[in-house]
Amino acid sequence: MALLPKNEPVPLREDGEGVIRVGGTRVTLDTVLIAYAKGATPEQISQDYSAVAVADVYAAIAYYLRHRQEVEDYLGRRRQAGEAVRMEFEKRFPSEGLRKRLESRLS
């Protein structure tokens, strides 16, 4: 019996929006890596996001550690896209004077 590792596909997939998700779930690679960076163990991450198998969390982290620069580039692009969405939202729905508008509705 050979105990050598077999080639297994990395449990990461890109959805139609270009977002990388872990396993067959909607949990993003970003989510897993942020939790990992905050000190969560793969077991804790799998427990917090129960749709993701602990083995898939380990595999996603291993992929990150082996391909750090490519993943950091991807995460940087995701942050930029998120910032662009936030800025557009703030432009369309300014929060200036929001408190007064809400308080006036209570009167």
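The values are calculated or read from the model by the stated rules, or taken from the named source; none is laboratory data. These figures come from a predicted structure and were not determined experimentally. As a convention, Cβ positions derive from the backbone with ideal geometry for all residues, glycine included, and neighbour counts pool all protein chains shown.
The single residue among 35, 40, 55 that is closer than 24 Å to residue 73 by Cβ and in a helix (DSSP H, G or I) turns out to be 35.
Residues are listed down the side, and each one gets a yes or a no for (1) more than 13 Å from residue 33 (Cα to Cα); (2) at pLDDT 90 or above; (3) not hydroxyl-bearing (Ser, Thr, Tyr):
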{"residue": "53", "(1), (2), (3)": "yes, yes, yes"}
{"residue": "63", "(1), (2), (3)": "no, yes, no"}
{"residue": "66", "(1), (2), (3)": "yes, yes, yes"}
{"residue": "77", "(1), (2), (3)": "yes, yes, yes"}
{"residue": "82", "(1), (2), (3)": "yes, yes, yes"}
{"residue": "90", "(1), (2), (3)": "yes, no, yes"}
{"residue": "100", "(1), (2), (3)": "yes, no, yes"}
{"residue": "107", "(1), (2), (3)": "yes, no, no"}
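Looking across region 12-23 at every residue that is part of a loop (DSSP other than H, G, I, E, B) and within 14 Å of the chain's Cα centre (by Cα), the one that is surrounded by the fewest Cβ atoms within 10 Å (Cβ to Cβ) is identified as 17. Looking only at residues of region 62-102 that are in a helix (DSSP H, G or I) and of a type in the set (S, T, N, Q), we find that the one that is farthest from residue 12 (Cα to Cα) is 80. Checking residue 26 against (1) without any contact (Cβ under 8 Å) to a residue 12 or more places away in the chain; (2) of a type outside the set (Ser, Thr, Tyr); (3) not in a helix (DSSP H, G or I): exactly one of these is not met. Which one? Tallying (1) without any contact (Cβ under 8 Å) to a residue 12 or more places away in the chain; (2) of a type outside the set (Ser, Thr, Tyr); (3) not in a helix (DSSP H, G or I), residue 26 fails exactly one: (1). Restricting the first member to region 43-61 and to residues that are free of Cβ contacts under 8 Å to residues at least 24 places away in the same chain, and the second to residues that are surrounded by 15 or more Cβ atoms within 10 Å (Cβ to Cβ), the beta-carbon pairs closer than 6 Å and six or more apart or on different chains are 45/32; 45/35; 45/57; 46/52; 46/57; 54/42; 54/46; 58/42.
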